[in-house]
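Here is the structure we will look at.
The values are calculated or read from the model by the stated rules, or taken from the named source; none is laboratory data. Here the structure is a predicted model, which means the values were calculated and not measured. For the accessible areas, the whole protein counts, side chains as well, though only heavy atoms, and no ligand, DNA or RNA atoms are used. Shrake-Rupley method; radii C 1.70, N 1.55, O 1.52, S 1.80 Å.
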Amino acid sequence: MASTCTCVEGSGRELATFDGPLQNILQRTYLVGADCVGQFATYVGECSVSDTYALVEGARSGVPRELVHRARPQDVVPTGWERRAENRFLVSGRWPEDHGFFAPADGLHDALLLVESMRQSTILIGHGAYGVPLGHHFLMGALDFTCAPSHLRATGSHEVEIEVSLSGTTWRAGHLSSMDSRVTVRREGGTAGVGVSSIRIMNPRTYARVRGGRTDAAGMLPPEPGVPPHTVGRTRPEDVLLAPASRSDQWQLRVDTGHTTLYQGAKDHIPGMVLIEAARQAAYTLMGPAAFHPAAATNSFGRYAEFGEPIWIEAHPGQRRNTVVVTGRQEGEEVFRSSVTAPEGGADR
């Protein structure tokens, strides 16, 4: 639906006017800068009340949630960004102080929160600095990370500084179509983690053709009962992603599309972040009851994880004694492979 929105100061001075679909207006309004996302800016014109609310609501945190592909404002990590060099950017962010899924455990922030910060920051730069239109799909081919548990302590500041460097960028029809990302997350002067990822970007038409009419998760049966939360390092049953199978080193992936953090917005496949967390949980069970906080992980994705067919998760010891190799298979084909490494001698405190 086409709209016209004008961003004005409190004094009435017009700052910018945008025409087109609302999602493009939202993106372009953000790119204008602080004047159009500031606390005192308002939006007038042919936007409906709900449209205007969406623009202003996204501006409150400095980064609209649509630009990091989140549905809930409380799940948005970045608060702003700036360019430092041609392909290097600095993203400011804030970790949540109270979050059901990303709650600290054993005095440390969740490593998955670190990875989510990397993911959101890369997507933000794709939209904000490279002009990737909203509605285009970001698809992970691989995501590897290392982290320092000593810089993930739950005490101290929740502010984070995230440096994003992009390389290997390719373009198609005037739009960014692939990139490699290196992300460094710093907290209180120390490096909390470093991640590298390879990403493909598809426009909606190409994505629909590639997916061949795959539908969303509507009509799926409720997820299977999970293993006890404490056996996978979780406290809430709804956060458990593994259901028991016939072998002690194998589980069925629990798919709960009602999970408010892991599944946001319409999906036609299981997100990669769900698979990364499933790998962490499987590694936790194999490592035993001692606290397990990943120091590193490699994750590669071979095909889409589809709804409607079971995904079988298997874990076995890696070549190093503190490494676990986790695979996920669907209909006999490997969906993903992860290698999860714990700190030598246990959690680094």
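For a test of the definition: using alpha carbon positions, the gyration tensor, and the 1.5 limit on a/c, classify region 146-284 as rounded, prolate or oblate.
Working: a/c = 2.24, a/b = 1.06, b/c = 2.10.
Verdict is oblate for region 146-284.
Just to verify a number: what accessible area does Trp312 come out at with the full protein assembly present, 1.4 Å probe, Å² rounded to tens?
Rounded to the nearest 10, the figure is 90 Å².
Could you derive backbone 3J(HN,Hα) for region 89-103 from the dihedral phi with the Karplus parameters 6.51, -1.76 and 1.60 (θ = phi - 60°), listing whole Hz in sequence and x where the residue is Gly or Pro?
Per-residue couplings from phi come out as 9, 10, 10, 8, x, 9, 7, x, 7, 8, 9, x, 7, 8, 5 Hz.
Kindly report, to the nearest 10 Å², the accessible surface of His137 as traced by a 1.4 Å probe over protein heavy atoms only.
60
For region 244-330, just say rounded, prolate or oblate: build the C-alpha gyration tensor, square-root its eigenvalues into a ≥ b ≥ c, call rounded for a/c under 1.5, and beyond that prolate if a/b exceeds b/c, oblate if not.
Values: a/c = 1.82, a/b = 1.62, b/c = 1.12.
Prolate.
Carbon-plus-sulfur fraction of the accessible area of region 210-328, 1.4 Å probe, in percent?
Working: 2980 of 5480 Å².
Exposed carbon and sulfur together represent 54 percent of the surface.
Hey, can you grab everything whose amide H is under 5 Å from the amide H of Val335? Only 5+ residues off in sequence or another chain; H modelled, so Pro and N-termini drop out.
Result for Val335 returns Gly328, Arg329, Gln330.
Which ³J(HN,Hα) values in Hz, rounded to whole numbers, follow from the phi angles of region 117-129 under the Karplus curve 6.51 cos²θ - 1.76 cosθ + 1.60, where θ = phi - 60° and Gly and Pro get x?
4, 5, 4, 4, 5, 5, 5, 4, 5, x, 6, x, 9
Can you give the accessible area per residue of region 280-319, in Å², using a 1.4 Å probe? List each step's numbers first, then the result.
Details: 1730 Å² over 40 residues.
Each residue of region 280-319 exposes 43 Å² on average to a 1.4 Å probe.
Using amide H atoms built in the peptide plane, which far-off residues or other-chain residues are under 5 Å from Gly80 H to H?
Ser92
Heavy atoms only, probe 1.4 angstrom, no DNA, RNA or ligands counted: give me Ser117, Ser198 ranked by accessible area, highest first. Mind dumping the intermediate values first?
Values: Ser117 0, Ser198 40 Å².
The most accessible residue leads, giving Ser198, Ser117.
Probe 1.4 Å, all protein chains in place: accessible area of Ser300 in Å², nearest 10?
Counting only protein heavy atoms, Ser300 exposes about 50 Å² to solvent.
Under the definition of Cα pairs under 8 Å and six or more residues apart, what whole-number percent is the relative contact order of region 129-286? Mind showing how you got there, number by number?
Values: 228 pairs, mean separation 30.1, N = 158.
Computed value for region 129-286: 19 percent relative contact order.
Would you please give the residues with an amide H less than 5 Å from that of Gly141, counting only those at least 5 places away or on a separate chain, with H modeled from the backbone geometry?
Amide H neighbours of Gly141: Ser198, Ile199, Arg200.
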